[in-house]
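Quick one: the structure is below, and I'll ask about it shortly.
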Amino acid sequence: MTSPNIDTDVAVLGGGILGVSTAVHLLREGASVVLITESTLASGATGRSLSWLNSAGKRSDAYHLLRTAGIDRYRTLYAADPSREWLQFDGGLYWAPAGEASKAEARHQYERSHGYASMLVKPEQISPLTPGIDETAVADVAVFNPGEGWVSLPHLVEYLMEEFHALGGTLITDAGKSRVLARDGKAWGVGIQDGSVYTANNVVVACGAATPAVVEEHGVYIANGSPVSALIITEPANNKLKAVLNTPRAAARPNPGGTLALDHGWYEEQIVEEADGSFSIPEDVVQELAEEASRLLEGNPQLTAASWKVGRKPIPGDGEPVFGELEKLPGCFVAFSHSGATVGLIAGEFLSFEILSGQKHPMLEPFRPERFSRS
Ligand SMILES: Cc1cc2nc3c(=O)[nH]c(=O)nc-3n(C[C@H](O)[C@H](O)[C@H](O)COP(=O)(O)OP(=O)(O)OC[C@H]3O[C@@H](n4cnc5c(N)ncnc54)[C@H](O)[C@@H]3O)c2cc1C
């Protein structure tokens, strides 16, 4: 690939939801943007995410606030066209293992205490609230969160990229492992594997689980806690599921085309890292997850895995997001987050504000990268 060198306001590195969202928000404000990514768009976690839009359970107040604002942005997008098959708000349902009803009760109490819509329901109360669930699978009690939703991130990326191109953004795919270039202690561009250099006033590193490694060569330490994970997409399944299910042995949500998206954490140790750095998962584990998910659904339909993808789920070492300009490398911003689906739109909006205005957004203050080097 040969590309001319170009000068832009911002070079965004990483074609996942955080990079794409930031690029589009910058373009909306009139900036010139080049978006550079290793292979194709959504080739990382964004292409294999459960993408449950939520702020369920317990976390810091600041992260809760950011996530609820994140959900708000999705609601605005949803309201513009509720018929989109890839973004829906039909609630979420959680339950704990049998005999651990107190876990669900504590979660509900906590959620209610800070105003997060949360209902504690018995199995027989579920079907009037949300369809398609086998209530005999529900242990003791469940928590229904009616304000939650889900998005298919590859569809969202495609949608945002239409705007990206309409606003004149430049996209470079298949760039290989690219680097942030710095001179005199300031970022000035991105170098890609074929030797091309893209100069820019600011650089955004939104490389998912690879973000800490990309900034490490500039002496910046960001703790990385990204585990391996797998997402399975089923063949079209004749079922009425609307809510996102989070249960002891399977998480499941509807997906475009009448398919389902499934994941969980119990098989993490069975994922194998290959010599070339890629990951694989045994087919019997995939089948077992499909069977676990079938038990959750009304009529227990047979579920067949159509495809699955395996890789790292980006999670900073302390579980909280990392956003903002690096003190050690002015002109270089990072975006690295767990729950990057939920915060994908809002993070792009706030980072764009910080890059173009030079001001700090108060809601990003608790999430600065320097907390790792200072701790
Ligand atoms: C199984 C699973 C379930 C999830 N469930 C949820 C959920 O329910 N709710 C929620 O909110 N979030 C969820 N997430 C998290 C969410 O999907 C991610 O946080 C989000 O997709 C991360 O987007 P990103 O843009 O930061 O990273 P990615 O999507 O990983 O994109 C980073 C991109 O950068 C590229 N790249 C990396 N290094 C370089 C380099 N040196 N040069 C050039 N390009 C590079 C990669 O190829 C990749 O395309 C889940 C994730 C997974 C994997």
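Express in nm, to one decimal, how much length is gained between residue 105 and residue 193 on full extension, taking 0.36 nm for each residue of separation and deducting their alpha carbon distance.
That works out to 26.5 nm of additional length.
Students often forget the sequence filter, so: which lysines lie under 29 Å Cα-Cα from residue 186 once same-chain residues fewer than 8 apart are removed?
Straight-distance partners of residue 186: 177, 328, 360.
Out of 101, 117, 71, whose Cα points farthest toward the positive end of the dipole of the range 25-152 (charges: +1 Lys, Arg; -1 Asp, Glu; placed on Cβ)?
71
To the nearest Å, what is the center-to-center distance of the range 246-307 and the range 23-39, using C-alpha atoms only?
Distance between centres, Cα-based: 34 Å.
Find how many whole Å separate the alpha carbon centroid of the range 70-108 from the alpha carbon centroid of the range 179-227.
Comparing the Cα centres of the range 179-227 and the range 70-108, I get a distance of 34 Å.
Can you check what the net charge comes to around residue 355, using other residues whose Cβ is under 13 Å from the Cβ of residue 355 (Lys, Arg +1; Asp, Glu -1)?
-3
Taking the Cα centre of the chain as origin, sum charge times position over the Cβ atoms of Lys and Arg (+1) and Asp and Glu (-1), and report the length of that vector in debye to the nearest 20.
The dipole of the chain has a size of about 780 debye.
Among 228, 150, 178, which residue has its Cα furthest toward the positive end of the charge dipole of the range 106-230, with +1 on Lys/Arg Cβ and -1 on Asp/Glu Cβ?
178
Shifting gears a bit: What spacing in nm lies between the two simple spin-label points modelled at residue 356 and residue 58, each 7 Å away from Cα in the Cβ direction?
4.0
If packing is taken as the average count of other Cβ atoms within 10 Å, what order do 347-356, 213-222 fall into, highest mean first?
Result, highest mean first: 347-356, 213-222.
Also, I was wondering about something else. Using 1/(1 + (r/R0)^6) with R0 = 25 angstrom and r between the beta carbons of residue 283 and residue 155, what's the FRET efficiency to the nearest 0.05?
0.40
Let me ask another. Would you kindly state how much longer the chain becomes between residue 276 and residue 306 on full extension, computed as 0.36 nm times their sequence separation minus their alpha carbon distance, in nm to one decimal?
Contour length minus the Cα-Cα distance gives 8.4 nm.
While we're looking at this one, here's another question. Which of the peptides 92-104, 331-343 is most tightly packed, and how do the rest follow, going by the mean number of other Cβ atoms within 10 Å of each residue?
331-343, 92-104
Also, quick follow-up: Between residue 173 and residue 298, how many nm apart are label points set 7 Å from Cα along the C-beta direction?
3.9
Excluding residues fewer than 8 places away in the same chain, name every one of the lysines whose C-alpha is closer than 16 Å to that of residue 122.
Qualifying lysines at Cα under 16 Å: 103.
Now for a different question. Give me the tail of P(r) for the chain as a percent: Cα-Cα pairs with distance above 31 Å.
36
Work out the FRET efficiency for residue 125 and residue 163 from their Cβ-Cβ distance, taking R0 = 41 Å, and round it to the nearest 0.05.
Approximately 0.45, to the nearest 0.05.
Read-outs throughout are calculated quantities, based only on the coordinates presented, and are distinct from any laboratory measurement. Just so we're clear, the structure is a prediction, and the values are computed from it rather than from any experiment. As a convention, Cβ positions derive from the backbone with ideal geometry for all residues, glycine included, and neighbour counts pool all protein chains shown.
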